Amino acid sequence: MDEIGEFLGWVTVVCYLVSICTFIVKRINKLLISGLPRESKVRQCYSIFMKYIIKYHMYFGIGAGTFAVIHYFVQTSSGHDSLTGTILAASMVITVLFGVVIKLVKGAGKKKILPVHRSVVAFVLVMGILHLVMH
């Protein structure tokens, strides 16, 4: 059961990291790529890559939250209770819920929820590092 729990934890990490790539690729685009000529092959390829990351961001985020919950239950059912894991799993679920609300809300409400979603994402990153270091 320990191997399954560890595997699920790492699947969660991969899904989470891919989901936060949307933030990173948008920043790279803004700082580096958007200044390139429209005809640039680098700009064209990066645009395709960025669209893919943005398009699937939501699915990887939902995957991260789902695998985090499964990982949590596998770990706790085999006697591996962890305060950081509990906080982390709950935070990931909250992140997913805010993401769903962002998807459902239209207009100005979306702009109010987005900073909260991003803040929880940053908290998840810090808690994830702490969780990995402590275990």
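Just so you know, all these numbers are worked out from the coordinates, no wet-lab data involved. Nothing here was measured: the structure is a model prediction, and the numbers come from that model. For neighbour counting, all protein chains shown are included, and Cβ atoms are generated from backbone atoms with ideal geometry for every residue, glycine included.
Within a 10 angstrom radius of the beta carbon, how do Met127, Met92, Met134 rank from fewest other beta carbons to most?
In order of increasing Cβ crowding within 10 Å: Met134, Met127, Met92.
With 10 angstrom as the radius, rank His80, His135, His71 by how many other C-beta atoms surround their C-beta, starting from the fewest.
The fewest-first ordering by Cβ neighbours comes to His135, His80, His71.
Rg and Dmax of the chain, Cα atoms, in Å?
17.1, 58
If R0 is 22 Å, what FRET efficiency do you get for Phe49 and Trp10 from their C-beta distance, rounded to 0.05?
0.40
Let me spell out the model: positive unit charges on the Cβ of Lys and Arg, negative unit charges on the Cβ of Asp and Glu, origin at the Cα centre of the chain. What dipole size does that give, in debye rounded to 20?
1300
Give the lysines whose C-alpha is closer than 29 Å to that of Lys112, dropping any in the same chain fewer than 8 places away, or say none.
Partners found: Lys26, Lys30, Lys51, Lys55, Lys103.
Looking at the range 8-99, which trypsin sites (Lys or Arg not before Pro) are in a loop (DSSP not H, G, I, E or B) and have at most 15 other Cβ atoms within 10 Å?
When the trypsin sites (Lys or Arg not before Pro) of the range 8-99 are filtered for loop state and at most 15 Cβ neighbours within 10 Å, Arg38 remain.
Taking the Cα centre of each part, how many Å lie between the range 5-71 and the range 117-135?
Between the Cα centre of the range 5-71 and that of the range 117-135, the gap is 18 Å.
Given the -39500 (n - 2.57) contribution per DSSP H run of 4+ residues, what per-residue ellipticity at 222 nm results for the chain, rounded to the nearest 500 deg cm²/dmol?
Estimated from H runs of four or more residues: -30000 deg cm²/dmol.
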